[in-house]
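Data block below; observations after.
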Amino acid sequence: MPKYPNIIHSKLPNVKTSIFTKMSALANQHNALNLSQGFPDFPVDNEIIELVYKHMKNGANQYAPMQGAMVLREAISEKIEKLYQLKYCPEKEITITAGATEAIYSTIAAFTKEDDEVIIFTPAYDCYDPTVKLHGGKSIFVQLSSKDYSIDWALVKKVISHKTKMIIINTPHNPTGSILSSKDMIELEKLVSGSEIIVLSDEVYEHIIFDQKAHQSACRFPKLANQTLAVFSFGKTFHVTGWKLGYIVGPENLMSEFRKVHQFNVFSCNNPIQLAVAEYLQNENNYNSLQSFYEQKRDTFLNAIKGSKFEPLQCSGTYFQLLSYKNISKEKDIDFAERLTKEFGIASIPISVFYNSQIDDKVLRFCFAKEEETIIKAGHLLKLIV
């Protein structure tokens with residue numbers, strides 16, 4: 001093989017293959033039960049499949065508008081107003097995106113420049129920090145409480161500076177399953193009020209929240225909403241993660257800047273799926289029923305692991321359950337997760353990978369967005385681990 005001149009200067013030299021890819025590959029290699037990557041293994045509602053097919057047959061196979069199909073933006077506006085009592089203009093304040101990750105990426109790209117600071121709470125979903133770095137920004141990490149993964153707002157206030165461009169929040173929170181309360185949102189609103197700080201609110205699990213608690217969307221707080229771009233996911237809501245369809249809402253002044261990046265990033269998103277989702281949203285039960293649907297799966301998982309040496313942590317939202325293994329092993333969580341996959345046939349995600357520093361609390365994340373048979377089998381395997 002010829003030697004090539006060293007002309008590559010990586011913008012992300014420390015980024016390697018993601019833990020999700022690694023653990024899924026390991027699960028496939030060892031024929032293990034895959035509770036690592038967050039995707040459902042049960043069938044999609046046939047109604048929405050038929051709606052997509054209908055719009056394909058009807059010829060909706062060319063580009064959608066850059067901002068998204070108007071009928072879908074109107075449906076989203078109505079949905080948000082019913083849920084959070086805030087009206088977003090479909091024309092100027094809502095954009096359909098290629099999944100939530102594109103919305104997050106394009107938001108950071110639109111507003112972050114060299115030396116801007118972005119506050120990120122850790123453990124954090126893995127796409128935030130690399131995107132900040134790609135655009136010359138600096139991530140300021142604030143660690144969530146190791147006890148209950150809550151935010152110390154006094155600490156946040158201390159790290160805010162004249163360079164702070166953005167604060168990223170995520171509720172319900174991946175990977176921990178914690179949620180922000182109305183008190184949290186009011187504290188955030190006070191912190192950013194009167195400043196030029198933009199809030200990026202990752203709310204992709206908005207409908208997957210448990211124990212009769214309400215999702216405290218940034219959209220519920222009008223003053224906060226004036227400085228916020230909030231991101232949502234149809235993939236998570238309708239169990240169609242492979243469709244990569246999401247949306248973002250925010251005030252016109254922020255949305256106009258977001259669209260400048262979005263139009264050159266993906267331009268527009270899958271047209272027939274947008275039209276199908278617009279119809280599917282008309283039945284509010286298609287998203288309002290998710291709370292009880294996933295709460296039952298969480299409870300099935302918790303019942304299935306009773307008698308094991310794993311200690312479940314509080315899960316108030318998302319379809320992930322954290323389990324502490326401190327009563328089983330002192331191994332590093334990455335090593336322990338790999339051993340469970342190879343020796344016991346069950347794959348998970350180690351939580352240490354979601355931190356910016358070497359924090360290892362001996363906790364693994366398991367996805368329970370699975371068929372009941374899969375969940376029960378997972379419980380059986382976890383009881384074998386001593």
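How many percent of DSSP beta bridges within the chain run antiparallel, rounded to 5? Close to 45 percent. In a DSSP loop and with at most 16 other Cβ atoms within 10 Å, the trypsin sites (Lys or Arg not before Pro) in the range 285-318 are LYS306, LYS309. Listed from fewest to most Cβ neighbours within 10 Å, the set THR374, THR341, THR21 follows the order THR21, THR374, THR341. Considering only PHE336, SER181, TYR149, and ranking their Cα positions along the charge dipole of the chain that arises from unit charges at the beta-carbon of Lys, Arg, Asp and Glu, the one farthest toward the positive end is PHE336.
In terms of other Cβ atoms within 10 Å, ILE179, ILE7 run from fewest to most in the order ILE7, ILE179. Computed from label points 7 Å out along Cα-Cβ, the spacing between SER146 and ASN327 is 2.0 nm.
Among the listed pairs LYS306/LYS332; LYS3/LYS133; LYS57/LYS377; LYS133/LYS244; LYS16/LYS82, a Cα-Cα separation exceeding 32 Å is found for LYS57/LYS377; LYS16/LYS82. Counting other Cβ atoms within 10 Å, which chymotrypsin sites (Phe, Trp or Tyr not before Pro) in the range 321-386 have at most 12 and lie in a DSSP loop? Sparse-neighbourhood loop chymotrypsin sites (Phe, Trp or Tyr not before Pro): none present. How would the chain be classified by its alpha-carbon gyration tensor: rounded, prolate or oblate, with rounded meaning a/c under 1.5 and the a/b versus b/c comparison settling the rest? Judged from the Cα gyration tensor, the chain comes out rounded (a/c under 1.5). Within the shell defined by Cβ-Cβ distances under 14 Å, the residues around LEU51 carry a net charge of -2, with Lys and Arg each +1 and Asp and Glu each -1.
Taking 7 Å steps out from each Cα toward its Cβ at ASN253 and PHE344 produces label points 5.3 nm apart.
Note: relative contact order over the chain, using C-alpha pairs below 8 Å and six or more positions apart, is 24 percent. Length gained on full extension, ASP115 to HIS380, computed as 0.36 nm times the residue gap minus the Cα-Cα distance: 90.4 nm. Restricting the chymotrypsin sites (Phe, Trp or Tyr not before Pro) of the range 1-69 to loop positions (DSSP other than H, G, I, E, B) with no more than 16 neighbouring Cβ atoms within 10 Å leaves TYR63. In this structure, ALA154 and SER18 have a Cβ-Cβ separation that, at R0 = 41 Å, corresponds to a calculated FRET efficiency of about 0.80. In this structure, SER181 and MET66 have a Cβ-Cβ separation that, at R0 = 25 Å, corresponds to a calculated FRET efficiency of about 0.10.
For the pair ILE49 and LYS82, the difference between a 0.36 nm per residue extended length and the Cα-Cα distance amounts to 9.3 nm.
Taken together, the values in this text are just the output of simple stated rules run on the coordinates, not laboratory data. Worth saying up front: this structure is predicted, and the values here are computed from it rather than measured. Note: ideal-geometry Cβ built from the backbone for every residue, glycine included; neighbour counts use all protein chains shown.
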